[in-house]
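A.B. asks: Have a look at this one.
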Amino acid sequence: MVTVDISNALAERIGPEYGLSRDEITGLMGSHPASVITARKRGAERPAFTYSAEQTEGQLDAILAECSAFMGQFDRGLSDVIILGIGGSALGARALKAALLHPFDDMIPVPQRDHPRLHVLDNVDPAQTAALLDVLDPSTTGLIAISKAGGTAETVAGFAVARQWLSGAQRDWRKQSLIITNEPSSDGKTTLLWDLAGSEGVRRVGMPIPLGGRYSVLSPVGLVPAALVGMDVKALVAGAARMYARCESTDPWENPAYLLAAVCYLYMRRPNHPRNICVLMPYSSALSYMADWFVQLWAESLGKARNLRGDLVNAGQTPVPAVGATDQHSQLQLFQEGPHDKVILFIEVGDYGGDLEIPPALPGEPTYLAGKTLGQLLSAEKRGTEFALTDSQRPNVTIRVPAITADTVGELFFLFWMQTAITAELMEINAFDQPGVEASKNATRALMGAPGAENDELRRRMGVE
Ligand code: PA5
């Protein structure tokens, strides 16, 4: 079970100037209706992402069946899958890959593989795209285009280029592609990718409910890629469901998402030393992409110009990804001695699932390290860093993960969602829109020559004829 320990953010550890009192944590919950703390948006409505934790066996079996059917379309087998998506339509798959596959999965030779390699193309970098297509075999490569809006320029363009690559190799791109996008809305509006799948006879998986990309990793957006590479999607969802149950608690000390939210929120609004930076620092390479995924979640959900009443607030807390022990030799100097403007969230892993003993550095000359393991060293680095930060009155929180498994990864995704939703409720902002992202998408479309009066107006404002 994933747990949250906030003791190093409390005044009793780091002193009253920099620490929070237990009363502040308890009082914050007491002064807000339970609906805020459990992030039930006004009334009985729950945040849409809770659907992920409530998926039935039947829904998950349908995803697994869809994946088998897709794989069955490859006459020479499926060796590689390219995810074409961006933002929330890519970061979740990448975090899953790093957390749950072999750390060097792409290098496992074909005879020993029991699942395809997963490549996430989340940028329209021409060199990177060309290089990937250059090394893959078109006859055994599948394309998964993921876009909830279904018309995102990067995804549409990347998918078109990859389709052309398949066609150029005399492959039927329709059979080798799968599209994940929003189902038609109640007023019948469809996405470009939905229509493309319909008109070309490409397999498509609709998003059962509209979800912001950053809240979608445990929907078909992340579960289809996960299932294709053999991850236990039912365990991922079960982990999320377990965490959901714990985040329903209205006991402040029993609700892990509330604890994280309360710490981040209380520090943000402190009159002295407000902390507008939130560092997520897993002590695990496998979770480093979880930190990147968190960055999008936290930045896009909380970075808002206006609050729910429409007042200009320019709110947000800047997320910074770090990884232990690597960043001890990089960003830590700033965390330890720089401005008092950060809250640090560590992720500590109990069991790395394998360990290596450290031999003597020189034969016959044992050092203090010899005979210990790399896992012991990494754990000691985390404890040492935690101690040093606490000693310099730098608030830090530890999220403990017993081992990195599908269950605990599901717990982590849900924990961070709920932390974000509760923080947004406390800040009185909408965690579920992204008007800033939409503005840049619109401007890009206009610059690329999209027709229409709105695009003409945007081009005029950007000084482009
Ligand atoms: O979280 C979000 O909603 C966004 O970051 C999207 O994931 C991103 O913009 C891609 O959008 P789409 O999935 O519609 O292509």
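A.B. asks: In nm, give the distance between the simple-model label positions of Ala131 and Leu447, each being 7 Å from the Cα along the Cα-to-Cβ direction.
C.D. replies: In this crude label model, Ala131 to Leu447 measures out at 2.3 nm.
A.B. asks: Can you list the lysines whose alpha carbon is less than 22 Å from that of Lys189, not counting same-chain residues fewer than 8 positions off?
C.D. replies: Lys189 reaches Lys148, Lys441.
A.B. asks: Starting at the first residue of the range 15-21, write each ³J(HN,Hα) from the Karplus equation 6.51 cos²θ - 1.76 cosθ + 1.60 with θ = phi - 60°, in whole Hz, x for Gly and Pro.
C.D. replies: So the Karplus estimates, Gly and Pro as x, are x, x, 5, 10, x, 9, 8 Hz.
A.B. asks: Something else: Can you spot the lysines whose alpha carbon is less than 21 Å from Lys342's alpha carbon? Ignore those fewer than 8 places along the same chain.
C.D. replies: Counting by Cα, and skipping residues close in sequence, Lys342 has these lysines nearby: Lys304, Lys382.
A.B. asks: Is the shape of the range 9-136 best called rounded, prolate or oblate, per the rule: a/c under 1.5 gives rounded, else a/b larger than b/c gives prolate, else oblate, with a ≥ b ≥ c the square roots of the Cα gyration tensor eigenvalues?
C.D. replies: Cα axes put the range 9-136 in the prolate bin.
A.B. asks: Could I ask something else about it? Using modelled backbone amide H atoms (1.01 Å from N, in-plane), which distant-in-sequence or interchain residues come within less than 5 Å of Arg117's amide H?
C.D. replies: Asp80, Val81
A.B. asks: Express the accessible area of the chain per residue in Å², computed with a 1.4 Å probe while the remaining protein chains stay in the model.
C.D. replies: Value for the chain: 44 Å² per residue.
A.B. asks: Okay, moving on. Please find the FRET efficiency linking Glu17 to Gln336, where r is the Cβ-Cβ separation and R0 is fixed at 25 Å, and quote it to the nearest 0.05. It would help to have the intermediate numbers written out before the result.
C.D. replies: Details: r = 17 Å, r/R0 = 0.68.
Between Glu17 and Gln336 the formula returns 0.90.
A.B. asks: Quick one: order Tyr265, Tyr352 from most to least accessible surface, probe 1.4 Å.
C.D. replies: Descending accessible area places them as Tyr352, Tyr265.
A.B. asks: Could you give the nm distance between label points at Ser31 and Ala439, where each point is 7 Å from its Cα heading toward the beta carbon?
C.D. replies: 3.1 nm
A.B. asks: Given a 1.4 angstrom probe, I'd like the percentage of the accessible area of the chain that is carbon and sulfur, rounded to a whole number.
C.D. replies: Looking at the chain in its full context, I get 54 percent from C and S.
A.B. asks: From largest accessible area down, sort Met231, Met448; use a 1.4 Å probe on the protein chains.
C.D. replies: Met448, Met231
A.B. asks: Arranged from highest to lowest average of other beta-carbon atoms within 10 Å per residue, in what order do the peptides 306-319, 385-398, 426-439 appear?
C.D. replies: Values: 306-319: 14.3, 385-398: 18.8, 426-439: 17.1.
Ranking the peptides 306-319, 385-398, 426-439 by packing returns 385-398, 426-439, 306-319.
A.B. asks: What FRET efficiency, computed as 1/(1 + (r/R0)^6) with R0 = 41 Å and r the Cβ-Cβ distance, is obtained for His329 and Ile209, rounded to the nearest 0.05?
C.D. replies: 0.40
A.B. asks: Right, next: Percent antiparallel among DSSP beta bridges with both residues in the chain, to the nearest 5?
C.D. replies: Here the antiparallel bridges make up roughly 15 percent for the chain.
A.B. asks: With each pseudo-label sitting 7 Å past Cα toward Cβ, what's the Leu374-Arg270 distance in nm, one decimal?
C.D. replies: Output for this residue pair reads 3.7 nm.
A.B. asks: Tell me, what ³J(HN,Hα) does each residue in the range 213-226 have, in order and in whole Hz, if you take phi through Karplus 6.51 cos²θ - 1.76 cosθ + 1.60 with θ = phi - 60° and put x for Gly and Pro?
C.D. replies: With the stated coefficients, the range 213-226 comes to x, 6, 10, 10, 5, 9, 10, x, 3, x, 6, 5, x, 4 Hz.
A.B. asks: Quick check on packing: order 277-288, 235-246 by the mean number of other C-beta atoms within 10 Å, highest mean leading.
C.D. replies: The packing order, highest mean first, is 277-288, 235-246.
The values are calculated or read from the model by the stated rules, or taken from the named source; none is laboratory data. Just so it is clear, the model here is predicted, and its values are computed rather than measured. Don't worry about glycine lacking a Cβ; one is built from the backbone with ideal geometry, like all the others, and counts go over all protein chains shown. All accessible areas refer to the heavy atoms of the entire protein, side chains included, with ligands and DNA or RNA removed. Shrake-Rupley method; radii C 1.70, N 1.55, O 1.52, S 1.80 Å.
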